[in-house]
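Below is one structure; the comments refer to it alone.
The values are calculated or read from the model by the stated rules, or taken from the named source; none is laboratory data. Just so we're clear, the structure is a prediction, and the values are computed from it rather than from any experiment. Because the Cβ atoms are built from the backbone with ideal geometry, glycine has one as well, and the counts that use them run over all protein chains shown.
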Number of protein chains: 2
Amino acid sequence: MEAAVAATPIAIPLRTTIMPRARAMLRDVSRNQVLCSICPVRDKCLSFGLDAATAKKVDEIVTTRIRLRKGDTLYRPGASFTALYAIRSGSLKTVLLAEDGRDQVAGYHMPGDLLGLDGIGNEVHECQAIALEDSEVCALPFDRIERTARDFAAFQHNVHKALSQEIARQRSLMLLLGTMRADQRLAAFLLDLSQRYQARGYSSSEFILRMTREEIGSYLGLKLETVSRLLSRLQQEGLIQVQGRVVKLLERAALKQLVGQSN
Amino acid sequence: MEAAVAATPIAIPLRTTIMPRARAMLRDVSRNQVLCSICPVRDKCLSFGLDAATAKKVDEIVTTRIRLRKGDTLYRPGASFTALYAIRSGSLKTVLLAEDGRDQVAGYHMPGDLLGLDGIGNEVHECQAIALEDSEVCALPFDRIERTARDFAAFQHNVHKALSQEIARQRSLMLLLGTMRADQRLAAFLLDLSQRYQARGYSSSEFILRMTREEIGSYLGLKLETVSRLLSRLQQEGLIQVQGRVVKLLERAALKQLVGQSN
DNA sequence: CGACTAGTTGAGGCCAGTCAATGTTGGTGG
DNA sequence: CCACCAACATTGACTGGCCTCAACTAGTCG
C-alpha cells in the first residue's frame with residue numbers, strides 16, 4: 001500500500017552502527033579503475049573545466065566506486081558524513097525524514113549529480129539516499145576534497161558552485177511548493193526532468209519515470225491520486241502522452257505556459 | 001494594498017547598471033573600524049571558532065560595512081555576485097522572483113546570518129535581499145573568501161558549513177511547504193523564530209515580528225488572511241498571545257505537538 | 001494461480017483561497 | 001497636537017481545489 005519511502009517511516013536510529021544495507025557500501029569494485037578523466041559524466045561533475053594537471057589530482061580523490069541495486073540505501077539520516085557521492089550511472093532519490101514520521105522526497109538525482117552536500121554542516125547526513133534502479137556512484141572523501149580545494153582554486157570554485165547549485169535547485173522547488181497549483185507543479189516537474197535528460201544527451205521529449213506516483217506526489221507536495229489524475233488530464237488535453245511510466249511531452253510550449261500562469 | 005514584496009513584482013532587468021537604491025551600497029561608513037574580532041555576532045559568523053591568527057586574516061576580508069534603511073535593497077536578481085554579506089544588526093528578507101511575476105519570500109535573516117550564498121554558482125544573484133528595518137551588513141568579497149579559505153583549513157570548513165547549513169535550512173522549509181497544514185506551518189515558523197532569537201541572546205518567548213502578515217504568508221505558502229486567522233485562533237486556544245506584531249509564546253509544548261502531528 | 005504492488009477513477013468532504021467590508025496603526029503635514 | 005491618509009490587519013461568507021476513502025484494474029513474481 002505504501003511505497004518504499006514509507007517502508008521505514010519512523011525512528012531512524014542515529015549513528016547506526018551496522019546498517020541493514022551496509023554491505024552495499026562495502027563492495028569496493030574496482031579501486032584502480034576509478035578515473036574521473038574517463039568518466040562518461042565528468043563534465044557534469046566536480047572535474048568540470050579543469051586543466052589536465054588539476055584533473056589528475058581530482059582523479060586521486062575518488063577512492064571507491066559503489067554499486068547499488070534498486071532499493072539499496074547509500075546513506076541514511078544520522079550516518080556520519082565522510083564523503084560526497086557523484087552519480088556515475090542510474091538514479092537515486094533523497095528522502096527527508098522528520099522525527100514525527102513525516103517524510104518527503106527531496107530530490108531525484110541522475111548521473112553527474114552530487115549527493116550528500118547537506119551533511120557537511122553537522123558531519124552527519126540529514127536525509128536518506130535510495131537507489132531507484134541499479135546504479136553506480138563514486139565516493140569522494142570530503143577531507144580529500146577540502147585538501148585538494150586548498151591547492152587548486154579552479155577546483156575549489158567547482159566545489160562552491162556545486163554547493164550553490166544545490167541551493168538554487170532547492171529554491172526553485174520551494175517556489176514550486178509555495179506558489180503553484182497541483183497541475184503547474186506536475187508540468188514544472190516534467191519540464192525539469194526533460195531539461196535534465198537533455199543536458200545528459202537523452203531524449204528531452206520522451207523518457208521513463210523512475211519514481212512511482214506516490215514518490216512524485218511526495219516530491220511535489222501532492223497525493224498519489226492527484227498525480228495520477230493530473231497525468232490523465234494532461235494526456236486528455238493533449239499536452240502529454242502517458243503509458244505507465246513512459247512519458248512523452250507533446251506540447252512543450254503549452255506546458256510552459258501552464259507553469260507560467262501566475263494565477 | 002500590496003506589501004513591499006509586490007511593489008516591484010515583475011520584469012527585473014538583468015544586470016541593472018545603476019540600481020535605484022544603489023546609493024545605499026555606496027555609504028562606506030567606517031572602513032577602518034570593521035573588525036570581526038570585536039563584532040557582536042562573530043561567533044555566529046564565518047569567524048566562528050578560529051584561532052587568533054586566522055581570525056585576524058578573516059578580519060582582512062571584510063572591506064566594507066553597509067548601512068541599510070528599512071526597505072533598502074542590498075542586491076537584486078541579476079546583480080553580479082561579488083560578495084557575501086554578513087548581517088551585523090537589523091534583519092532582512094530574501095525574495096524569490098520568477099519570470100512570470102510569481103514571487104515568494106524565501107527567508108528571514110537576522111544578525112550573524114550570511115546572505116548571498118545562492119549567487120556563487122552563476123556569478124549572479126538569484127533573489128532580492130531587502131532590509132526589514134534599519135540594518136548593517138558586512139560585505140565579504142568572495143574572491144577574498146576563496147583566497148583565505150585556501151590558506152586556512154579551519155576557515156575553509158566554516159565556509160562549507162555555512163553553505164551546507166543554508167541547504168539544511170531550505171530543506172526543512174521544503175518539508176514544511178510540502179507536508180504541513182497551515183496551522184502547523186505557522187506554529188513551526190513561530191518556534192523557529194523563537195529558537196533563533198534565543199540563540200542570539202534575545203527572549204525566546206516574546207518577540208516582534210518584523211514581517212507583515214503578507215510576507216509571513218508568502219514565506220509559508222499561505223495567504224495573509226489565513227495567517228491572520230490562524231494567529232487569532234492560536235491566541236484563542238491559549239497557545240500564543242498576539243498584539244499586532246508583538247508575539248508571546250505561551251504554550252511552547254503545545255505548539256511543538258501541533259507541528260509534530262503527522263496527520 | 002493467488003498475493004501483492006502500482007495505478008486509475010469516482011464520490012464526497014474539508015481546508016485554505018477569494019472577495020469584501022471594516023477596524024487598527026503609524027507616519028506626515030497643517 | 002491632532003486630523004488625515006495609507007498601509008496593515010481582522011473577520012465573515014462563500015467557493016473550489018485537493019485530500020480522503022473506496023472500488024476496481026493491470027502487471028509482476030514466487
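When restricted to residues that are more than 12 Å from DNA strand C (Cβ to nearest atom) and touching a Leu at 6+ places or on another chain (Cβ under 9 Å), the stretch B:202-218 contains 7. Taking the stretch B:215-248 as the range and being touching a Gly at 6+ places or on another chain (Cβ under 7 Å) and near DNA strand D (Cβ under 10 Å from one of its atoms) as the test, the residues that pass are B:Lys223, B:Leu224, B:Thr226, B:Val227. Set side by side, the residues A:Ala162, A:Ala182, A:Ala187, A:Ala149 differ, and just one is modelled with pLDDT under 95 and farther than 18 Å from A:Leu96 by Cα, which is A:Ala162. Taking the stretch A:161-263 as the region of interest, the helices (runs of 4 or more DSSP H) fully inside it that hold 1 or more residues being surrounded by fewer than 21 Cβ atoms within 10 Å (Cβ to Cβ) and hydroxyl-bearing (Ser, Thr, Tyr) are A:182-199, A:224-236.
Could you list, ordered by first residue, the pairs with Cβ atoms under 7 Å in which the first is in the stretch A:125-152 and away from every other protein chain (no Cβ under 12 Å) and more than 12 Å from A:Tyr85 (Cα to Cα) and the second is assigned to a helix (DSSP H, G or I) and of a type in the set (Val, Ile, Thr), at least 6 apart or interchain? Within 7 Å, no pair qualifies.
In the stretch B:169-184, the residues that are within 9 Å of chain A (Cβ to nearest Cβ) reach residues that are acidic (Asp, Glu) with C-beta atoms within less than 8 angstrom, at least six apart or across chains, in these pairs: B:Arg171/A:Asp118; B:Arg171/A:Glu126; B:Thr179/A:Asp103.
Of all residues in the stretch B:103-118, those satisfying the criterion of being modelled with pLDDT of 90 or more and within 7 Å of chain A (Cβ to nearest Cβ) are B:Gln104, B:Ala106, B:Leu117. Every listed requirement among (1) part of a loop (DSSP other than H, G, I, E, B); (2) over 30 Å from A:Arg181 (Cβ atoms); (3) out of contact with any Ser or Thr (no Cβ under 9 Å at 6 or more places or on another chain) is met by B:Ala53 save one, (1).
Yes/no matrix, rows are residues, columns are (1) in the same structural domain as A:Leu220 (by TED's automatic domain parsing); (2) under 22 Å from A:Asp192 (Cα atoms); (3) in a strand (DSSP E or B):
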site: A:Ile87; (1), (2), (3): no, yes, yes
site: A:Val95; (1), (2), (3): no, yes, yes
site: A:Glu99; (1), (2), (3): no, no, no
site: A:Gly107; (1), (2), (3): no, yes, yes
site: A:Gly112; (1), (2), (3): no, yes, no
site: A:Gly121; (1), (2), (3): no, no, no
site: A:Glu133; (1), (2), (3): no, yes, no
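Is at least one residue of the stretch B:181-201 near DNA strand C (Cβ under 10 Å from one of its atoms) and within 19 Å of the chain's Cα centre (by Cα)? Among the residues of the stretch B:181-201, at least one is near DNA strand C (Cβ under 10 Å from one of its atoms) and within 19 Å of the chain's Cα centre (by Cα), which makes the answer yes.
On the basis of being on the phi < 0 side of the Ramachandran plot and near DNA strand D (Cβ under 9 Å from one of its atoms), does B:Glu251 make the cut?
Judged against the criteria, B:Glu251 is not a match.
Close Cβ contacts (under 8 Å, 6 or more residues apart or on different chains) running from residues in the stretch B:209-223 that are away from every other protein chain (no Cβ under 14 Å) to residues that are of a type in the set (Lys, Arg) and near DNA strand D (Cβ under 7 Å from one of its atoms) comprise B:Leu209/B:Arg245; B:Arg210/B:Arg245. When the criteria are applied in full, A:Ser203 fails the requirement of being near DNA strand D (Cβ under 10 Å from one of its atoms) and of a type outside the set (A, V, I, L, M, F, W, C).
So, B:Leu92, is that one touching a residue at least 40 places away in the same chain (Cβ under 8 Å), of a type in the set (A, V, I, L, M, F, W, C), buried (at least 22 other Cβ atoms within 10 Å of the Cβ) and facing chain A (nearest Cβ under 10 Å) or not? It is false that B:Leu92 is touching a residue at least 40 places away in the same chain (Cβ under 8 Å), of a type in the set (A, V, I, L, M, F, W, C), buried (at least 22 other Cβ atoms within 10 Å of the Cβ) and facing chain A (nearest Cβ under 10 Å). Say whether the condition of being near DNA strand D (Cβ under 8 Å from one of its atoms) and within 20 Å of B:Glu126 (Cα to Cα) is met by at least one residue in the stretch A:175-195. Within the stretch A:175-195 (the criterion being near DNA strand D (Cβ under 8 Å from one of its atoms) and within 20 Å of B:Glu126 (Cα to Cα)), the answer is yes, since at least one residue qualifies.
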